[in-house]
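One structure is given here, and the rest of the page talks about it.
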4 protein chains.
Amino acid sequence: MLRVGLLGAGRIGRIHGGNVASHAKAQLVSVADASLEASQVVAAATNATVGTIDGILADENIDAVLICTPTDMHADLIERAAQAGKAVFCEKPVDLAADRIRACLQVVEQAGTPLMIGFNRRFDPNFAALKRRLDEGEVGAIEIVTVISRDPAPPPVDYVKRSGGLFRDMMIHDLDMAAFLLGEAPVEVYAVGSALVDRAIGEAGDVDTAAVILKTASGKIAQISNSRRAAYGYDQRIEVHGSKGMIRAGNVHETTVEAATAAGFRADPVQNFFLERYAAAYRLELDAFVTAVTEGQAPNPSGEDGLRAQLLADAATESAQTGRPVRLG
Amino acid sequence: MLRVGLLGAGRIGRIHGGNVASHAKAQLVSVADASLEASQVVAAATNATVGTIDGILADENIDAVLICTPTDMHADLIERAAQAGKAVFCEKPVDLAADRIRACLQVVEQAGTPLMIGFNRRFDPNFAALKRRLDEGEVGAIEIVTVISRDPAPPPVDYVKRSGGLFRDMMIHDLDMAAFLLGEAPVEVYAVGSALVDRAIGEAGDVDTAAVILKTASGKIAQISNSRRAAYGYDQRIEVHGSKGMIRAGNVHETTVEAATAAGFRADPVQNFFLERYAAAYRLELDAFVTAVTEGQAPNPSGEDGLRAQLLADAATESAQTGRPVRLG
Amino acid sequence: MLRVGLLGAGRIGRIHGGNVASHAKAQLVSVADASLEASQVVAAATNATVGTIDGILADENIDAVLICTPTDMHADLIERAAQAGKAVFCEKPVDLAADRIRACLQVVEQAGTPLMIGFNRRFDPNFAALKRRLDEGEVGAIEIVTVISRDPAPPPVDYVKRSGGLFRDMMIHDLDMAAFLLGEAPVEVYAVGSALVDRAIGEAGDVDTAAVILKTASGKIAQISNSRRAAYGYDQRIEVHGSKGMIRAGNVHETTVEAATAAGFRADPVQNFFLERYAAAYRLELDAFVTAVTEGQAPNPSGEDGLRAQLLADAATESAQTGRPVRLG
Amino acid sequence: MLRVGLLGAGRIGRIHGGNVASHAKAQLVSVADASLEASQVVAAATNATVGTIDGILADENIDAVLICTPTDMHADLIERAAQAGKAVFCEKPVDLAADRIRACLQVVEQAGTPLMIGFNRRFDPNFAALKRRLDEGEVGAIEIVTVISRDPAPPPVDYVKRSGGLFRDMMIHDLDMAAFLLGEAPVEVYAVGSALVDRAIGEAGDVDTAAVILKTASGKIAQISNSRRAAYGYDQRIEVHGSKGMIRAGNVHETTVEAATAAGFRADPVQNFFLERYAAAYRLELDAFVTAVTEGQAPNPSGEDGLRAQLLADAATESAQTGRPVRLG
């Protein structure tokens, strides 16, 4: 039974806390959050106690922590938890600055403790099945990976200003997925971005509509498009072309109901946003963390995966700003 | 080059006439219709001459006739054409009375001339592919055949009154298809019908909504449903279950366009009616006739197929009227 | 907080027990089963105690019971629980004999306690959305209801012998659904059945392949087809045609992944069986029971719904055996 | 009746010749080809005479010519035909060199004769419906256009060597479509390409797998991906995102048949190549030419459209070769 402390009891912390509580091999021991009320809500729902960050990190009965705090606390907490000997699951990103990530990963390496980064989409049953079948060679050698990812509606501009920008905040998931699926490091990134959805996002120096091309050394290609708006729900699709064919994973509609009238055939919008669409992914992600830690395996996605995605997001940001492709080391 | 005369230049005659004219191995020689204007239109479009029924039947340069006249002329014309040594293609049905069909088929048999009945749906590329794959055993031994067939809108009540009723006029196509796919003669027919679409159809003694169950001696089952109304187009679907799985052929939408908005995903209505949906089927049907006649093979569907479908339609009519299943010889 | 006792801790009891335990307004207090081990497993997973049927029925701290025992105990337990003042949720059917159901419902009525019958499919989110939209008039006046329901594989013949036959054991769900959707009582039932899947089922006097037509007084029609075999998973589909169009709810595939190779486009099989396909339905069903009981509303589906479905199943059984349609009171 | 001469009786010339012959308002008068046999075949099938290029251009009874010769003859023939007062339909491209196109268009402008360029895909009923609905504002202001275009199999290397490269030979269609749908001139083009399908294509200096991003002055984005290989047929898809939603036009499968077995649900491959997939597009394209010329309207796509697509293809070629985005005037 893995004894787990939860650092951060906001929207995503509640999800992970609940998944720990209902996991057969894990137990949520304590919850800490800057808001006492938030930690009380999670604690009550999961039979955990309300604690503090310091207390949880110092508690020898706690084996692992889930870091779900604001991004600017991630790297520090990872380091402290690693030094306290805890296994760490941390929501993406480790940090908005690549150098800070590198330093953090070094601390973790020295501590020799497990670290897993929350790229939840890899655990979506649809995408995971796609990846498994790619690895089994069902469509042969990979040629083009296409990722379409659109949020249902733009976040508040205040959020945008602190987010590091669309490429680091939103597309980082797609960059991780593209690199994960390509199976080979991208060596060149070209990005374009526009503020077509909300003028205020553009005035804040960010974009809300973007497209990226990645290229690997052997010539494999990935295409990603992002938008902060999709009237029909949270659009999350992957399509991979290989030498023997194509494989794709589509959206999940709210129901399977379809109506046909004089206006044509109408199916439901797709599931509205990540809490709904990725509910199973969050459960399976937590399970992968618990399994890796309890069985002594290296967790995946690793800190290095977090760094790679951040470097790709940095490169995309630079490319969109300069208008030039950016080469990666 | 098969030299063809067309008897009847209405809606369906124009289709067949055009298909003869553009066939590489057939030539439309002459067109006859009670309406001079109708025959002139078809003749002009196909480089044929305007003729008369008597003239066409007497013309030794004409090898084959297509009978597209009103139903009550079919049996007589088949007999006269057969006796004149012509190969005959006749639109369904041979006649509304089974005994008249039997007599007619005997005349044809004595004449020894080829006769093909226009069950066009067997030639629809989708249904034909389904049948071929059934025969190849893709889904194993057949267990249940389901046919859904709905017209976009009810015909005028005047038409209904002369039609022989829904089972003989409309469902006859589905009864032929079900028997064709079952690969075994139905021995029992149970039918229910209602006038839910147009009260006047009910007042005229007919139904506009119906369902039928067929059962074969070995226990195979077919289900058919019909309606004279479908707001979303001409609904034509077949689904067959067998010991190894299921195979189905769906509708054809007007285009492949799909739009997604806050209201969901919207695809086009299906193709509106038979001239559009079965355009390819009519071409392939005519080609099958030309091929069979020129190569000396027995045409399919045969006169016997026409009789079988009529007997099934008669049985369904009786069942719906009496409320009891009807057993077939 | 509704305090609940669970009678029967087999496959379906475990599902309901778990759903009670994770319900915010209900608590699983005690579990009874003929197998001590089975009750211990459920009790351990839900923080409930292991009890006995007598103990649970006598326990004044228990508000409601869930009856998940073998069918032949249902009616007795319903009566005893009602007389003990418990709210009752009982898996279908109340009993295999309609008279026994009638007597049981009278006892419940005299006791004045709530009774809900487990027709779980009404709570499937897809079918529930379809029903809601039907009620809102999206496709106008209902004309034809079509239900396709196929199990992935036949049960053991021993089970078949005790089951009451396909119509009472399997199709009862579809008969309830058809009547529920028609919104009007069927007055005539015609059924055919064959043993095409497993000869031993036929030798046991049952069928494994069946089709039914229902007709209401106003002429609405329902079609149902059942099979004990579907190679591609648990096939559960509903399609309803009305005056303004069609609405249907389809199967749920294992994933959204689709691969395209030279062999064509391949999608996953559908979810394999009821525990997977109806997981959400069971949760929502239990929630409806808890809500109805705690808010003092009459639960739905009611005991009368259970009786109606049984009468339809009896009629279908008789029709298949006699070859004649059966009229209902 | 528009009297038409056909210059070039190869694969595409035969298509256009047949479409002229069956057009109600056009007549194929004469056919010229370097191969006498090729022109005889087309002439025989269409009741046209075999002629010569010089003869057709000099024939005052011919109103219009269709130029379906090898690419390197296009510009010269356009000029000669324009100077001879003929309306001209020319297959894409006008020429592989933009300057040559500019000079040619000037000659046409001076001649004052109509010129239409054969971007057939604009006339595909699916894509045309998508464009119409975009123009009607169904998905609001356009944000991202995505075009996926994959040939079933690579052409011979000898063809590749003369083709001008993938961007000019294959992607030019998609570049035209993207610009057409964006409704605004792209100002920046970035392209990557690889030889992943056939090493010999790479050795010939070309690519067989490519992706492009276009950006317009107002920030609209188009993504295109191309491959010379698609195991499942000729992949031709368009998806457009706008402020109110998304609209897409999909592939056309060979039939609507779908089979479900233990391996899942299998649909047909998509139609194999352009002659099949774009058969309707070629008919509608020819009709648009005949209509424009006979009604005195300017044909569309125009010579300017041909130039624009060529400039985009040149820019994409340069970008893929230099690794830098290319800005357009």
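Quick one: which residue in D:G250, D:G205 is out of contact with any Pro (no Cβ under 9 Å at 6 or more places or on another chain) and over 23 Å from C:G264 (Cβ atoms)?
D:G205
For the stretch B:44-64, does any single residue satisfy the condition of being open to solvent by less than 20 Å² (accessible area, probe 1.4 Å) and under 30 Å from B:M177 (Cα atoms)?
yes
Of the residues A:A211, A:A217, A:A259, which single one is over 22 Å from A:G18 (Cβ atoms), open to solvent by 10 Å² or more (accessible area, probe 1.4 Å) and of a type in the set (G, A, S)?
A:A217
With the checklist (1) in contact with a helix residue (DSSP H, G or I) (Cβ under 6 Å, 6 or more places away or on another chain); (2) more than 7 Å from every other protein chain (Cβ to nearest Cβ); (3) open to solvent by 20 Å² or more (accessible area, probe 1.4 Å); (4) hydroxyl-bearing (S, T, Y) in hand, flag the one item B:Y234 doesn't pass.
(3)
Within the stretch A:145-163, can one find any residue that is touching a residue at least 60 places away in the same chain (Cβ under 8 Å), over 23 Å from A:P269 (Cα atoms) and facing another protein chain (nearest Cβ under 9 Å)?
No, the stretch A:145-163 contains no residue that is touching a residue at least 60 places away in the same chain (Cβ under 8 Å), over 23 Å from A:P269 (Cα atoms) and facing another protein chain (nearest Cβ under 9 Å).
Would you check if A:V20 is within 23 Å of A:A111 (Cα to Cα) and surrounded by 24 or more Cβ atoms within 10 Å (Cβ to Cβ)?
no
Can you find, within the stretch C:129-177, the residue that is surrounded by the most Cβ atoms within 10 Å (Cβ to Cβ) among those that are basic (K, R) and more than 16 Å from C:V240 (Cβ to Cβ)?
So, considering only residues that are basic (K, R) and more than 16 Å from C:V240 (Cβ to Cβ), the one surrounded by the most Cβ atoms within 10 Å (Cβ to Cβ) is C:R150.
Return the residues of the stretch C:103-127 that are of a type outside the set (S, T, N, Q), out of contact with any Ser or Thr (no Cβ under 7 Å at 6 or more places or on another chain) and in a helix (DSSP H, G or I); say none if nothing qualifies.
C:A103, C:C104, C:L105, C:V107, C:V108, C:E109, C:A111, C:R121, C:R122, C:F123, C:F127
Considering A:I117, A:I67, A:I62, which residue is touching a Lys or Arg at 6+ places or on another chain (Cβ under 9 Å), within 16 Å of A:L2 (Cβ to Cβ) and at pLDDT 95 or above?
Details: A:I117 fails: within 16 Å of A:L2 (Cβ to Cβ); A:I67 fails: touching a Lys or Arg at 6+ places or on another chain (Cβ under 9 Å).
Answer to the selection: A:I62.
Would you be able to say whether some residue in the stretch D:88-102 is of a type in the set (V, I, T), part of a helix (DSSP H, G or I) and buried (at least 17 other Cβ atoms within 10 Å of the Cβ)?
yes
Residue check, D:E136 against (1) within 14 Å of another protein chain (Cβ to nearest Cβ); (2) of a type in the set (D, E, K, R); (3) touching a residue at least 40 places away in the same chain (Cβ under 8 Å), all met but one. Which one?
Just one mismatch for D:E136, condition (3).
Take the stretch C:193-215 and flag every residue that is over 20 Å from C:F274 (Cβ atoms) and over 22 Å from the mean Cα position of the chain (by Cα).
Matches in the stretch C:193-215: C:S194, C:A195, C:L196, C:R199, C:A200, C:G202, C:E203, C:A204, C:G205.
Tell me which residues, restricted to the stretch D:1-51, are acidic (D, E) and not in a helix (DSSP H, G or I).
Here is the first cut: in the stretch D:1-51, the residues acidic (D, E) are D:33, D:37.
Residue satisfying the conditions is D:D33 alone.
Only one residue in D:D268, D:D206 is more than 8 Å from every other protein chain (Cβ to nearest Cβ) and either in contact (Cβ under 8 Å) with a residue 12 or more places away in the chain or surrounded by fewer than 24 Cβ atoms within 10 Å (Cβ to Cβ) (or both), so which one is that? If you could, list the steps in order and put the result at the bottom.
Working: D:D268 fails: more than 8 Å from every other protein chain (Cβ to nearest Cβ).
Matching residue, one of D:D268, D:D206: D:D206.
Under 9 Å between Cβ atoms, at least 6 apart or on separate chains: pull out the pairs that start in the stretch C:247-260 with a residue that is in contact (Cβ under 8 Å) with a residue 40 or more places away in the chain and end on any residue that is of a type in the set (G, A, S) and in a strand (DSSP E or B).
So the pair list comes out as C:I247/A:A259; C:I247/A:A260; C:R248/A:A259; C:R248/A:A260.
The values are calculated or read from the model by the stated rules, or taken from the named source; none is laboratory data. As the structure is a computational prediction, the values presented were derived from the model and not from experiment. Please note: Cβ atoms are built from the backbone with ideal geometry, for glycine as well, and neighbour counts cover all protein chains shown. Calculation scope for accessible area: heavy atoms of the full protein, side chains included, ligands and nucleic acids excluded. Shrake-Rupley method; radii C 1.70, N 1.55, O 1.52, S 1.80 Å.
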